[in-house]
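Read through the structure below, which is laid out as structure tokens, and then see the notes.
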Amino acid sequence: MMVIFRITRRMLDDVKRALRCPHPVALERIGFIYVRPGTISQGHLLLATGYQSVRDNHYVEAKAGHSACAIINRYAITEAMQRSLNTGEGVFHVHMHDFGVCCAFSTVDLQSLNGLMPSFYNVNQKVLHGALLITHKGIIGKYWTPDKKSHNLTLISVIGYPCSYHKATTDDL
């Protein structure tokens, strides 16, 4: 199935700026991009409508030996779920790996996202929910279906000067 994620350059720049802000206990920031369905002849078009940073007090300090760079509490997830319920929008978890050579979701990322996505489908099964990872080489993304299976986004298009298109798999980065 073709799934295209579309975001404006301005929103993407705002998201990147927010994700680059340091945090006292987390090594990386997390946010949520909200989407509404658009129209294409085959597949799904997801139009980014808004961004919400996870509040500073919704991060949890990791215990020694924990491999996650950021942990968020249930209040952060509840806020995202509530917006999806109120507006009918889909939720895309977003974070950044703006370091080293990593341009893929980590094992920890995928484990936590696999556990998170059913929460969004519990409140809204009418739209797709997923995750984006912004890297120094581009953007990759996945969406989950209500049956808890993950799939790569087909394309991520950034609208505005300069326009860019990202095939949403790590093989293309």
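The values are calculated or read from the model by the stated rules, or taken from the named source; none is laboratory data. Please read all numbers here as calculations on a predicted model, not as lab measurements. Cβ placement follows ideal geometry from the backbone for every residue including glycine, while neighbour counts extend to all protein chains displayed.
Taken together, Ser150, Ser53 contain a single residue that is in contact with a helix residue (DSSP H, G or I) (Cβ under 6 Å, 6 or more places away or on another chain) and within 26 Å of Thr8 (Cβ to Cβ), which is Ser53. Scanning region 77-95 for residues that are touching a strand residue (DSSP E or B) at 6+ places or on another chain (Cβ under 6 Å) and outside any strand (DSSP E or B) yields Ala80, Ser84, Glu89.
Filtering region 39-74 to residues that are surrounded by 12 or more Cβ atoms within 10 Å (Cβ to Cβ), farther than 23 Å from Arg6 by Cβ and not hydrophobic (A, V, I, L, M, F, W, C) leaves Arg55, Asp56, His58, Tyr59, Asn73. Tell me, please, whether a residue that is modelled with pLDDT of 90 or more, closer than 17 Å to Leu45 by Cα and surrounded by fewer than 20 Cβ atoms within 10 Å (Cβ to Cβ) can be found in region 160-168. No; the residues of region 160-168 include none that is modelled with pLDDT of 90 or more, closer than 17 Å to Leu45 by Cα and surrounded by fewer than 20 Cβ atoms within 10 Å (Cβ to Cβ). Candidates in region 1-57 are the residues that are in a loop (DSSP other than H, G, I, E, B) and of a type in the set (A, V, I, L, M, F, W, C); of these, the one that is farthest from Ala76 (Cα to Cα) is Ile40. Sub-7 Å Cβ pairs linking a first residue in region 98-126 that is assigned to a loop (DSSP other than H, G, I, E, B) to a second residue that is modelled with pLDDT under 85 and of a type in the set (A, V, I, L, M, F, W, C), at least 6 apart or interchain, are Cys103/Leu173, ordered by first then second residue.
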